[in-house]
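S.K.: Here it is, the structure in full.
The values are calculated or read from the model by the stated rules, or taken from the named source; none is laboratory data. If you're wondering where the values come from, they're calculated on a predicted model, not measured in any experiment. No Cβ is skipped: glycine too gets one built from the backbone with ideal geometry, and neighbour counts run over all protein chains shown.
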Amino acid sequence: MASARFAWGIDIGNRALKAVKLVRDGDQLRVDDFEVIEHETVLSNSGDNKEALIQAALANFLQRHPIKGGVVAVGVSGQSSFARFIKLPPVEEKKIPEIVRFEAIQQIPFPLDDVEWSYQLFRSPESPDVEVGIFAMRKELVNQHIKYFTDLDLNVQTVQMNPLAVYNAMYHDNRVNGTTMIVDLGAENTDLIIADQDTVWMRSIPIGGNSFTETLVKSFKLNFQKAEELKRNAATSKYARQIFQAMRPIFADLVAEIQRSIGFYASTHRDSRIKRVIAIGGTFKLPGLQKYLQQNLQLDVERLDSVGAGPSADSKLAPTFSENVLSLVSSYGLAIQAMGEGKITSSLLPQKIRREKMWKEKTKWFAAAAALFVAGSVVPLGRYFVEKGQLAAAEPDRQHINNTYGPAKALSDEWATIEGSGADDRARIQSVKSLEAFRGTWTNLLADVVNCLPKPQPELLSDDITKVKSIPRGDRKLVQIDSITSVYYPDLTQPLAAPDLSRFVQPGGAVMIAAPAPGMTPDSGDAAMDSVDAGIAPPTAAAPAAPAAAGGPAGATRGFLITVKCISPNKAGHSLVQDVFVAALQKIAPDAANPHKAYAIPKATVLGAMQVKQDTPKLAKMKSDYAVALQQKAQQQQNAPATPAKPGAPTGFFGRGQPVVVPNVNQIDPNDNSPYLDRVLQEDVRDDWEVTVVFLVQLDPPAYTPPAATEGTTPTAAVPQ
């Protein structure tokens, strides 16, 4: 594509066909021609006539502009296509296509055989992180759109989503300075593109220029064409105030959707702050729209008035191009990619068309290859007769070799039979010896996990309850483990590649939504609240050690997915777990002190967090357990031998020998906090935090390698094997 003499970028929009032609002028690109052909009616209102309108527009375009010898890039709507942006885990370069394909299967809501898809990697020289954009469109939609062009013998080299074409245009023109939001307000949809030098994010909003027109249709009882004219001439109309008043709800809806998109972007890109907004699209010719967005978004909104490519050599073309530049940015970006200068190079061009083009380009080399083959066959023919004579002369030597080889092979086969007779015994011995492997893995791993817990204040380790209670419950740096569950994976490739580990958590860890954060419903009751030290409660289910000989595919990484449920009385318990426990887990790996540690933790995250008072099932169980405890205590006192009552002794609920009346759960006073008291400290636990942590344990990690000694330093002593 970079060698093309010229390229056209063609965008068939809902209201018009827009095209830009670029040519190479030295090291720069220059706008050589452009075209805007409006449809007789907007495509969304044309019904069965839509195909005829598109064909008419293309035929009209070809009559006006010679296109032979150039290439064509075609735009498709962002609304009818699919895009996802995902951060990849640190992996070898050669494994990236495999991981991207796995993510495509997970993310694209159709089977891969039913879509045309491609991807683009985004990297920053300053960061090791790799982000991938996955783009897809259903094959039937792509083929239908491409057919309009191939039926006219146009040389289509690229099929690109319009929002990505806009990004290519802005990046090429050096307009992406810092985090920049591009608002492309088209006829049917608005494309939001948030970009910086190394990443891009986009979203399509179903609000466009037609939304303003349709509002005027309803407000003033006009047909669509007259309402469109009224909108375009609103600034000079004597009814301007009424027109803008009727369109005000669409203004408000557009701003609300943009603000919602900015909020979502900020939640996933916490280090980015949008600095400026670039407005493009023909609808921005509407008076007051730019100012309205600027006031409501509290951001500088700049309306595009030119492109970075050189102007046309035709002086009459430049003014009309400037008048239409807002509508031509997507076509301009398509042409940039067709000329081989796009930042994004992915394409949704069907594989069948790509293969046809590849073979067509190679056909011209087949004749030359055939001629070389004929010429080259003459030399081997003469060489054949020479080597045939040499072969006959060496016959005695070959006979001697065969006489020696025969007895040697017989002896080798005999030894192989003797050696193989003990294979079963050796395999059995090896299997028994393998039982020793990993016998200490879980013991050491649990010890490491416990050591990652925050260190509690010294008072909390005392047997004196008074000292423990001297520190307010909400200030205690205490995290207790309630349960540990694990799943063994012969191959950790998928969990390591997945951006979210929640999909791999086994049933019993169902996610529930609760303010202020999503949390996990604990499986155990108050086991972790029965102790005030920093140890861990016994796990609800002991995890089996990994089989020593078990494994996945050759070269696979095996290990465990472990789910830990924690409880903390600290008022910021969820942060304490994240900042201390999770951070420490991620540092577990072979090091100088233990260079051959049998495991490492490459990935750990907080799956959910909630306070006990938000865990309705747990509160109900605590209340039920309290009622059962009352019943058991009352029954014990009723069965005790009666003793004479002392003057003034109580004779009610717990009076020995007295009739016992035990309330059930529903009879307990709702304002009574007794069911929710810590059994040892008699403190209300409803403000305690329940936090679920999930992490991967990789078995057989690479051994620790000491850092290389630099000049002028004492070399590190070798680690003993």
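S.K.: Can you tell me which residue within region 305-330, out of those that are in contact with a strand residue (DSSP E or B) (Cβ under 6 Å, 6 or more places away or on another chain) and farther than 19 Å from Asp25 by Cα, is surrounded by the fewest Cβ atoms within 10 Å (Cβ to Cβ)?
M.R.: The selected residue is Asn324.
S.K.: Any residue in region 433-443 that is touching a Phe, Trp or Tyr at 6+ places or on another chain (Cβ under 8 Å), part of a helix (DSSP H, G or I) and surrounded by 14 or more Cβ atoms within 10 Å (Cβ to Cβ)?
M.R.: Yes, region 433-443 has at least one match.
S.K.: Inspect region 478-496 for any residue being modelled with pLDDT of 90 or more, assigned to a loop (DSSP other than H, G, I, E, B) and within 18 Å of His574 (Cα to Cα) and give the result as yes or no.
M.R.: yes
S.K.: Answer with yes or no whether Glu323 is out of contact with any His (no Cβ under 9 Å at 6 or more places or on another chain), closer than 30 Å to Arg241 by Cα, acidic (Asp, Glu) and assigned to a helix (DSSP H, G or I).
M.R.: yes
Matching residues to (1) assigned by TED's automatic domain parsing to the domain that holds Leu681; (2) touching a strand residue (DSSP E or B) at 6+ places or on another chain (Cβ under 6 Å); (3) polar (S, T, N, Q):
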position: Gln390; (1), (2), (3): no, no, yes
position: Ala393; (1), (2), (3): no, no, no
position: Asn403; (1), (2), (3): no, no, yes
position: Glu419; (1), (2), (3): no, no, no
position: Ser431; (1), (2), (3): no, no, yes
position: Val449; (1), (2), (3): yes, no, no
position: Pro454; (1), (2), (3): yes, no, no
position: Val468; (1), (2), (3): yes, no, no
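S.K.: Counting only residues that are in contact with a helix residue (DSSP H, G or I) (Cβ under 8 Å, 6 or more places away or on another chain) and β-branched (Val, Ile, Thr), which one in region 130-150 is nearest to Ser118 (Cα to Cα)?
M.R.: Ile134
S.K.: If we keep just the residues of region 556-588 that are more than 26 Å from the chain's Cα centre (by Cα) and part of a loop (DSSP other than H, G, I, E, B), which is surrounded by the most Cβ atoms within 10 Å (Cβ to Cβ)?
M.R.: Start the filter on region 556-588 by keeping residues that are more than 26 Å from the chain's Cα centre (by Cα), which leaves 566-573, 576.
After this cut, where a residue has to be part of a loop (DSSP other than H, G, I, E, B) as well, the list is 569-572.
Details: Pro569: 27, Asn570: 21, Lys571: 17, Ala572: 14.
This residue is Pro569.
S.K.: Return the total of residues in region 275-291 being surrounded by fewer than 18 Cβ atoms within 10 Å (Cβ to Cβ), in contact with a Phe, Trp or Tyr (Cβ under 9 Å, 6 or more places away or on another chain) and in contact (Cβ under 8 Å) with a residue 24 or more places away in the chain.
M.R.: 2
S.K.: Continuing with this model, one more query. Answer yes or no as to whether Ala252 is within 41 Å of the chain's Cα centre (by Cα), surrounded by fewer than 19 Cβ atoms within 10 Å (Cβ to Cβ) and among the aliphatic types (A, V, I, L, M).
M.R.: Details: within 41 Å of the chain's Cα centre (by Cα): yes; surrounded by fewer than 19 Cβ atoms within 10 Å (Cβ to Cβ): yes; among the aliphatic types (A, V, I, L, M): yes.
Criteria met by Ala252.
S.K.: Would you mention how many residues in region 36-61 are surrounded by 14 or more Cβ atoms within 10 Å (Cβ to Cβ) and either touching a Pro at 6+ places or on another chain (Cβ under 9 Å) or farther than 22 Å from Gln225 by Cα (or both)?
M.R.: The total comes to 2.
S.K.: For residues in region 65-108 being among the hydrophobic types (A, V, I, L, M, F, W, C) and in a loop (DSSP other than H, G, I, E, B), which is farthest from the chain's Cα centre (by Cα)?
M.R.: Initially, region 65-108 is screened for residues among the hydrophobic types (A, V, I, L, M, F, W, C), giving 67, 71-74, 76, 82-83, 85-86, 88, 91, 96, 99-100, 102, 104-105, 108.
When the remaining residues are screened for being in a loop (DSSP other than H, G, I, E, B), the result is 67, 91, 108.
On the way: Ile67: 41, Val91: 15, Ile108: 12 Å.
Ranking the candidates gives Ile67 first.
S.K.: To continue, here is another question. Please indicate, with yes or no, whether at least one residue in region 638-648 is at pLDDT below 80, more than 30 Å from Val449 (Cα to Cα) and part of a helix (DSSP H, G or I).
M.R.: Yes - at least one qualifying residue is present in region 638-648.
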